[in-house]
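A short reminder: the numbers here are calculations on the coordinates, not readings from a lab. Treat the numbers as computed from the prediction; the structure is a model and nothing was measured. Counting neighbours? That spans all protein chains shown, and the Cβs are built from the backbone with ideal geometry, glycine included.
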Amino acid sequence: MYFQRLPKVIVLRRLSTRLSTVQLPQHSVVKILYTVDCDNRLHEAKKDQKLEAPPEALSTYCADHYEGGSLSKCEGFITELEAEFKKDDEEFDVNSFCENMWNLNAEYSDEQAQEKLDKLNEEREANRIEFSTPEPIVVSYMIVDDGEPCAGGYVTTEDECAKAAGELGLSDTTVMAYPGEGAEGDRPAAMCSYAPDLVADNLQFFPDGTGACGVNGTIARKGLQKENVHFQCICREP
């Protein structure tokens with residue numbers, strides 16, 4: 001193959017002494033090596049081998065290395081080179097061809113690299129998983145009376161019972177827990193009650209429940225016998 005993306009080792013050795021004192025970027029050095037090698041090979045084909053057309057290897061070079069617009073450019077450069085081979089040796093000049101082929105190689109490599117990068121970014125975007133922090137759950141409370149249901153759910157722990165009483169501004173936030181109260185058939189899971197009729201212990205928590213909210217009930221326990229106590233149930237707002 002007459003043209004390669006990088007010059008051969010023999011060319012590097014041949015020009016290493018000539019370029020050792022020249023301070024150039026690496027890309028520029030490689031370009032010089034490429035164009036010099038290109039020029040030498042084509043002059044050899046024209047003047048030494050007496051070819052009247054570009055070397056046969058160039059006939060498939062473009063199709064083997066390029067696509068799309070770059071392929072069209074490459075074929076155009078080959079056509080121009082064919083015209084040079086029809087000239088006399090003294091008029092034969094391939095500097096433009098070698099320069100154009102170097103630039104085409106560099107541009108096409110950049111395009112290929114960018115296409116791969118774009119494809120990688122598209123795949124990465126398609127597979128992206130976005131995580132969002134859920135909004136914090138804010139629980140507010142209400143006092144249920146007059147037979148209203150506890151629509152938002154019952155307060156089910158002593159700690160939450162005290163918290164709810166504090167947020168509602170009740171005078172008593174010290175929970176008095178009374179397990180085992182209430183009729184079996186009427187018990188919810190648990191109940192936080194406020195009994196304004198009872199001065200000593202307004203805030204009460206019944207782990208076993210004590211019937212529906214907002215109705216009169218009877219408390220019968222050691223040291224206290226009181227009928228028709230009006231309970232208000234502290235519930236979560238729906």
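Just a few scattered comments:
- Close amide H pairs (under 5 Å, H built 1.01 Å from N) link TYR141 with GLU237, residues at least 5 positions away or on another chain.
- Net charge of neighbours whose Cβ lies under 10 Å from the Cβ of ASP89, counting Lys and Arg as +1 and Asp and Glu as -1: +1
- Sum of side-chain charges, ALA63 neighbourhood, beta-carbon under 14 Å (Lys, Arg +1; Asp, Glu -1): -3
- Interchain or long-range residues, amide H under 5 Å from MET191's placed H: PHE206, GLY209
- Amide N proximity, the stretch 77-106 versus LYS50 label position 7 Å along Cα-to-Cβ, cut-off under 14 Å: 89
- By other beta-carbon atoms within 10 Å, ranking VAL139, VAL30, VAL144 with the fewest at the front produces VAL139, VAL30, VAL144.
- By the count of neighbouring beta-carbon atoms within 10 Å, fewest first, PHE77, PHE85 end up ordered PHE85, PHE77.
- Rounded FRET efficiency, nearest 0.05, which uses the C-beta distance separating ALA106 from ASN127 and R0 of 41 Å: 0.80
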